[in-house]
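All remarks here apply to the structure that follows.
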């Protein structure tokens, strides 16, 4: 099969849509927001409001995870699937061609904001731009900006450009933080006009109120979401960086133990071998999962780069496809298989990851060609799409973890987490003698966050702390880079 299956060079992937079309969408988003603001005044429905009782010293808010509650009864034909959603006039069909998502999940208990014309009920990812600061909406609508000298199109382009700096997952997190901020303001009866621009004191009270209820990272992300909301709408951010740093450091120290994740254990080639023994590699789903596992591991990639979040989210311009795979070799004839990721968490223009053939049952090349033979994924479909009924189904992250961890439990092994693959790959390559700098490049780390992997595993540092380090000189030469190595003493001329 491997001789008959052809795939295109990675340069053939489709280009992303230009920003101009996104700008048009944003214009529609803003028009929709304005119409919602007008129509909400005439709503006969009521939305449960947050209690206006005085805030407690420590405000405990439920963590928003966008999970929809099960309806208490079966919905009938014609029922609104989300009765709390803001309604638009029936004669307007703003979502026919473009606009924000119309499928919106209910707010969680404890995180339902007071009804407001400035905050339509939209997905978390859309809140940054569709939740309009009252100070702007009341004085400058329909422009929705603090730049009155700019035209409407120019204003839309500014916001479109700024929004492009945050990927969807970041916008979702920021949107969740914005919700928590407004629920906090509702509970302390903060006027709409005082929420943006928010005073330094208000932001400090917000952080101190949720400290102890969330992890430090979550509080930081939520605060940065409120700051991004200010910046996006052209409003000043009043909090000094030094003050913010102190408060966020305190939030980290007061985070409850339950908010802290356990350290992810690395998977190893032995783990992968055991999983392989519990799978049926002629089964389409198992073949795709095992190929994904070995490729992600030996490419030192993020699991989310080779899977999709759910069945509806596959996009040829975002997710890797068989047409994004190519072969290459160096001057010595060493072959590598390269996967071009059209878009990643840190690179909107995409990146390349790669692996080489390995010995033994964890060989990613053998697993890859087995997947091609069993599933024959479409060239422009998902890379690890597997046969399902009369077509192909993209491999989702939940499905991947379900199969791998099901096999792990059968083998009496601890279940793995998605990040365990990247940690394990780092450990494996370094223990083989790959230099820290080379591993940093392979893992595509641009900061010293890579050092986290060195402090978690004693075996990596073991050669450096021996009583007789000269016994490990070959290892040290491989791992210490020239710029960090101690220079040899200069020789004195004779």
Would you be able to say whether some residue in the stretch 245-264 is touching a residue at least 40 places away in the same chain (Cβ under 8 Å), surrounded by fewer than 18 Cβ atoms within 10 Å (Cβ to Cβ), touching a helix residue (DSSP H, G or I) at 6+ places or on another chain (Cβ under 6 Å) and more than 30 Å from residue 158 (Cβ to Cβ)? yes
With respect to the numbered conditions (1) surrounded by fewer than 19 Cβ atoms within 10 Å (Cβ to Cβ); (2) touching a helix residue (DSSP H, G or I) at 6+ places or on another chain (Cβ under 6 Å); (3) at pLDDT below 95, which one is the sole condition not fulfilled by residue 361? (3)
Looking at 271, 224 in this structure, which one is at pLDDT 95 or above, in a helix (DSSP H, G or I) and within 30 Å of residue 154 (Cα to Cα)? 224
The listed residue being part of a helix (DSSP H, G or I), over 19 Å from residue 345 (Cβ atoms) and at pLDDT below 85, out of 487, 463: 463
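Every residue, every condition in (1) touching a helix residue (DSSP H, G or I) at 6+ places or on another chain (Cβ under 8 Å); (2) in a helix (DSSP H, G or I); (3) farther than 30 Å from residue 370 by Cβ; (4) outside the structural domain of residue 375 (by the TED database), yes or no:
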| position | (1), (2), (3), (4) |
| --- | --- |
| 189 | no, no, yes, yes |
| 201 | no, yes, yes, yes |
| 218 | yes, yes, yes, yes |
| 239 | yes, no, yes, yes |
Could you tell me which residue of the stretch 301-324 is nearest to residue 368 (Cα to Cα), considering only residues that are buried (at least 22 other Cβ atoms within 10 Å of the Cβ) and over 17 Å from the mean Cα position of the chain (by Cα)? 322
Could you please find all residues in the stretch 355-377 being under 26 Å from the mean Cα position of the chain (by Cα) and within 22 Å of residue 313 (Cα to Cα)? 377
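The values are calculated or read from the model by the stated rules, or taken from the named source; none is laboratory data. Given the structure is predicted, the values throughout are model-derived calculations rather than measurements. Ideal geometry is used to build each Cβ from the backbone, glycine not excepted, and the neighbour counts take in all protein chains shown.
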